[in-house]
1. Mind pulling the angle between the C-alpha long axis of helix 46-71 and the longest principal axis of the chain? Nearest 10 degrees, somewhere in 0 to 90.
2. For helix 26-41, what angle does its Cα long axis make with the longest principal axis of the chain, in degrees from 0 to 90 and rounded to 10?
3. Toward the positive end of the charge dipole of the range 34-115, about the Cα centre and with charges on Cβ (Lys, Arg +1; Asp, Glu -1), which of 48, 106, 94 goes farthest?
4. Between rounded, prolate and oblate, where does the range 82-132 land on the alpha carbon gyration tensor, with a ≥ b ≥ c its root eigenvalues, rounded for a/c under 1.5, else prolate if a/b exceeds b/c?
5. Tell me, how many Å apart are the Cα centres for the range 113-156 and for the range 1-71?
6. Which value, in debye to the nearest 20, describes the size of the charge dipole of the chain about its Cα centre when Lys and Arg Cβ atoms bear +1, Asp and Glu Cβ atoms bear -1, and nothing else is charged?
7. Angle between the Cα long axis of helix 128-155 and the longest principal axis of the chain, 0 to 90 degrees, nearest 10?
8. What are the trypsin sites (Lys or Arg not before Pro) within the range 36-130 that DSSP puts in a loop, where the Cβ has at most 14 other Cβ atoms within 10 Å?
Amino acid sequence: MKESVLGDPLRFLALGFGAGLVPRMPGTAGTVAAVPLYWLVEDLPIGGYLGCVFLAVGIGIWICDETARFLKTHDHPSIVWDEVTGYLITMIGVPTGGGWWLLGFVAFRVYDIFKPWPIAWADRHVHGGLGIMLDDVLAGLMACASVHLIRLFLVA
């Protein structure tokens, strides 16, 4: 399976550059894979960064849907592009440097794992590539808001 999945560029992305193939906690591994990607784009102007995020979401809906069809199961644990994108969403407008990347990582993982409303609702009711992506987009938005609130109270 590894060769047929990793040999295809779309599936390689869907599996978070192969991070989704780790045997335990593939979602966390996918988020770890997002950190270097974030470091590549963190210094872009906000418009460029948002463009990358929107591109990651749009491509993600397609590649996650295609990979789920290939694997013949909805939201296979190895599909972690949604975690990659969720982390990038978490980091929108977050200061660079320091431990902000780590705070964003932890905040995103907490929302992604515990899935408070409306994340849990989206996870159960929306299917296909959009469904695979949507719960992590929502987790990323909630984590982003949390990081900015923490920043507001720590820096103020």
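1. Helix 46-71 and the main axis of the chain meet at about 20 degrees.
2. The angle comes out at about 60 degrees.
3. Comparing the listed Cα positions along the dipole, 106 ranks first.
4. prolate
5. Rounded to whole Å, the Cα centres lie 17 Å apart.
6. The calculated dipole for the chain is roughly 260 debye.
7. Around 20 degrees separate the two axes.
8. 72
No lab work stands behind these numbers, since they all come straight from the coordinates. The model shown is predicted, which means the values in this text are computed figures rather than measured ones. Using ideal geometry, Cβ is built from the backbone for each residue, glycine included, and neighbour counts are taken over all protein chains shown.
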